[in-house]
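These notes concern the structure reproduced below.
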Amino acid sequence: MAPAFETAETGAALPVAGTDLFGHPRGLTYIAATEMWERFSFYGMQALLMLYMTGHLLQPGVVEHVWGFAGLRAGLEAVTGPLTSQALAAQLFGIYVALVYFGPIVGGLIGDRVTGRTRAVLLGCGLLACGHFLMAIEQAFLPALGAIIAGAGLLKGNLAAQVGALYAEGDRRHDDGYTLYVTSVVVGAFLAPLVCGTLGELYGWHYGFTAAGFGVLLGIAIYLRGMRYLREPAGDRGGVATVPLTADEWRTVLALSVLILITASFWTVQSQIWNTYPVWVRDHVDLGIGFGLHVPVTWFQSLDAVTVLVLAPVLMRYWRVRARRGGEPGELAKLALGCSIFGLGCVLLSLGQWSAGAGRVAIVWPVLFHFVIGLGYLLYAPVALALVARVAPVQVRSMMVGGYYIGLFIAGIFAGWL
């Protein structure tokens, strides 16, 4: 008999809906599509932000008109010392990424204890849309970043926790569901640089940011349409969690917290792909492909996503075959393997820079780099997220899923400093 679930809005107990996405609950389709468009907006920003700051916003004659920027710069330089425009951009980007990924801790707590997950997701989407549209106004750069940070905080932990709520305890599809969810993230990450990045890099920065805002609006429409399929375990109204944690559950929370801190090492390297990497590609890679054509810098962010999309179904099939034979490795082994492969990709990139000498790096090196780290990412990111969402006690699950991003918070700060 199917386990009873209830909507966050009505509390009515209903059976799990039919399946329509690779044998997974129908609600996963809507969550994945919502996340895809939200990530479209986020990775549109990621593709453009460093190039925008170093190439335009922080230039003399422009930065003086950004509201509150002089005070922010003075505060940063009081800690770091004087910063060049590029160093300042790296620091700001690192802080922005760190706060984007710290927000889900607070947002998950709000979703668990105050508003419920569904309302938190909708409020987060609204703030995200406002933030991206404000990015079209240079003077409003800092308020725009603030709205995006707050919106991402409300959305990320709560939406990811809703994926776990679609599955019964012990359902083998749970990890595959998160792989599909993370794959939807990658679809958005693939589309965003091609659309937002091309518009911003070639036609005008503000066109790219506005396109990201429209992506969020599409995500809101999809989420509203699929809300009736988004259910939470019976007895959890998405409001105040009244059942206290047991001693064993507190030990689980502590163990997951240690794991989350360890993930910072992986995300520090991953964060460089958004921060230092696009500037390096712009300044050091030969982007010519013949016939007078050059690859836009932002397209490498799409290549990063393509490799994951290509490898994800292959890896899922491989693990299913291994599972049938009783040889699928545990989650911690997958995490270690993913880190190792990701590190190998960075070594290859360093070899490309070394082989170029005083000239520009051949484009084949970053292409190879993206395929190697794509495999490492798939072995790490969805597995770590699924582990937290599966093991965390239900009373604090959204908060712990949000807490998963504390590793990215630490990584963002450290990557900016590096």
GNM top mover of 97, 367, 182 - the chain, alpha-carbon springs below 10 Å | 367
How high is the FRET efficiency between residue 139 and residue 106 when r is their beta carbon distance and R₀ equals 45 Å, given to the nearest 0.05?
-> 0.95
Note down the nm distance, to one decimal, between modelled labels 7 Å out along Cα→Cβ at residue 294 and at residue 114.
-> 4.7
The chain - mean residue ellipticity at 222 nm from DSSP helices (-39,500 (n - 2.57) per run, n ≥ 4, rounded to 500) = -23000 deg cm²/dmol
Of the residues 84, 179, 34, which exhibits the maximal mean-square fluctuation in a Gaussian network model of the chain defined by a 10 Å Cα contact cut-off?
-> 84
Protection proxy (average C-beta count within 10 Å per residue), highest first, orders 117-127, 244-254, 262-272 as 117-127, 262-272, 244-254
Backbone N under 20 Å from the residue 262 label point (7 Å along Cα→Cβ), restricted to the stretch 359-379 = 376-379
State whether the stretch 73-112 is rounded, prolate or oblate according to the following rule on the C-alpha gyration tensor (a ≥ b ≥ c being the square roots of its eigenvalues): a/c under 1.5 gives rounded; otherwise a/b larger than b/c gives prolate, and the remaining case gives oblate.
-> prolate
Measuring from the lowest to the highest alpha carbon on each principal axis, how far does the stretch 303-378 reach, largest first, in angstroms?
-> 51, 21, 15
Rg/Rh for the chain: what does it come to with C-alpha atoms and Rh from Kirkwood?
-> 0.97
Viscosity 1.002 mPa s, temperature 20 °C, Stokes-Einstein D of the stretch 323-364 from Kirkwood C-alpha radius, µm²/s | 168
Answer rounded, prolate or oblate for the stretch 179-298, using the Cα gyration tensor with square roots of eigenvalues a ≥ b ≥ c: rounded when a/c is under 1.5, else prolate when a/b is larger than b/c, else oblate.
-> oblate
So between residue 225 and residue 86, what do we pick up on full extension, going 0.36 nm a residue minus the alpha carbon distance?
-> 45.7 nm
With a Förster distance of 51 angstrom and the Cβ-Cβ distance between residue 328 and residue 283, calculated FRET efficiency to the nearest 0.05 equals 0.75
Mean-square fluctuation maximum in Gaussian network of the chain, Cα pairs under 10 Å, restricted to 195, 306, 63, hits 63
Can you give the alpha-carbon Rg of the stretch 241-387 over 2.2 N^0.38 Å, where N counts its residues?
-> 1.31
What dipole magnitude, in Debye to the nearest 20, does the chain give about its Cα centre under +1 on Lys/Arg Cβ and -1 on Asp/Glu Cβ?
-> 700
Packing rank of 157-166, 381-390, where each peptide gets the mean count of other beta carbons within 10 Å, highest leading = 157-166, 381-390
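Since every read-out is calculated from the coordinates, none of them should be taken as a lab result. Remember, predicted model here, so these are calculated numbers, not experimental data. With ideal geometry, Cβ positions are generated from the backbone for all residues, glycine too; neighbour counts draw on all protein chains shown.
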